[in-house]
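To start, the structure itself, in structure tokens.
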Amino acid sequence: MSKFEYIILKDRPELKRTAAGWFSGRWGVPEQAYLECMDAFLEGKTPNGWYLCLDGDKIMGGLGVIDNDFHDHKELAPNVCAVYTDEDYRGQGIAGKLLDLAVSDMRLKGVSPLYLITDHTGFYERYGWEFYCMAQGDGEDHETRLYIHR
């Protein structure tokens, strides 16, 4: 039995500010950008969601779903973004459980497939993701791998 709690932000909206700060601290994207996406989700303006793993009251893993994760294939949407597990918690299947939660939640809303970009190879395949094509990240000088989950 897992000691961690996996949640959809709509089930714990009081964590919005904490979550936005947590993601901002991991990715260097302004907190306001996360707050805007989270507000759109919490206000029902988009089906795209935010998913967290908690150890007690501490966020130690998370990811989001947004329309485009800053790449040149704008037609491939929505995208899983900001997948992160704090270093001390890695290797316990947390990211995989968060990915599964996001995929199943989005499917319940009638949204499939999902896409994501990554430089990782071998990781996402374990959770049902398939390499789809190469994508050019906004402001990046090299292409990155774009995956699909059908």
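The values are calculated or read from the model by the stated rules, or taken from the named source; none is laboratory data. Because the structure is a prediction, the values reported are computed rather than measured. Cβ coordinates were reconstructed from backbone atoms using ideal geometry, including for glycine residues, and neighbour counts include every protein chain displayed.
Only one of these conditions is not met by residue 104: (1) in contact (Cβ under 8 Å) with a residue 24 or more places away in the chain; (2) surrounded by fewer than 18 Cβ atoms within 10 Å (Cβ to Cβ). Which number is it?
Evaluating residue 104 over (1) in contact (Cβ under 8 Å) with a residue 24 or more places away in the chain; (2) surrounded by fewer than 18 Cβ atoms within 10 Å (Cβ to Cβ) leaves (1) as the failure.
If you go through region 83-101 one residue at a time, do you hit one that is touching a His at 6+ places or on another chain (Cβ under 6 Å) and within 21 Å of residue 20 (Cα to Cα)?
The answer is no, given that none of the residues of region 83-101 is touching a His at 6+ places or on another chain (Cβ under 6 Å) and within 21 Å of residue 20 (Cα to Cα).
Got a sec? Which of 10, 3, 16 is more than 13 Å from the chain's Cα centre (by Cα), touching a residue at least 12 places away in the same chain (Cβ under 8 Å) and crowded, with 17+ Cβ neighbours inside 10 Å?
Residue meeting the stated conditions: 16.
Would you check which residues across region 69-92 are buried (at least 18 other Cβ atoms within 10 Å of the Cβ) and either modelled with pLDDT of 95 or more or in a loop (DSSP other than H, G, I, E, B) (or both) and list them?
Matches in region 69-92: 69, 76, 78, 79, 80, 81, 82, 83, 84, 85.
I'd like to verify a number: residues in region 70-84 that are within 14 Å of residue 149 (Cβ to Cβ) and touching a strand residue (DSSP E or B) at 6+ places or on another chain (Cβ under 6 Å), how many?
6
Within region 19-59, count every residue that is among the acidic types (Asp, Glu) and touching a residue at least 24 places away in the same chain (Cβ under 8 Å).
Final tally of qualifying residues: 1.
Can you say whether residue 141 is farther than 23 Å from residue 40 by Cβ, over 15 Å from the mean Cα position of the chain (by Cα), among the charged types (D, E, K, R) and at pLDDT 95 or above, as far as the supplied structure shows?
no
State which residue pairs qualify: first residue farther than 16 Å from residue 69 by Cα and inside region 114-129, second residue among the basic types (Lys, Arg) in any location, beta carbons under 8 Å apart, and separation of 6 or more residues or different chains.
121/145
Output the residue which, of all residues in region 55-68 that are under 17 Å from the mean Cα position of the chain (by Cα) and either part of a loop (DSSP other than H, G, I, E, B) or acidic (Asp, Glu) (or both), is surrounded by the fewest Cβ atoms within 10 Å (Cβ to Cβ).
67
Which one is surrounded by the most Cβ atoms within 10 Å (Cβ to Cβ), of the residues in region 107-133 that are of a type in the set (A, V, I, L, M, F, W, C), farther than 11 Å from residue 146 by Cα and at pLDDT 95 or above?
Step by step, filter region 107-133, then rank; the result is 111.
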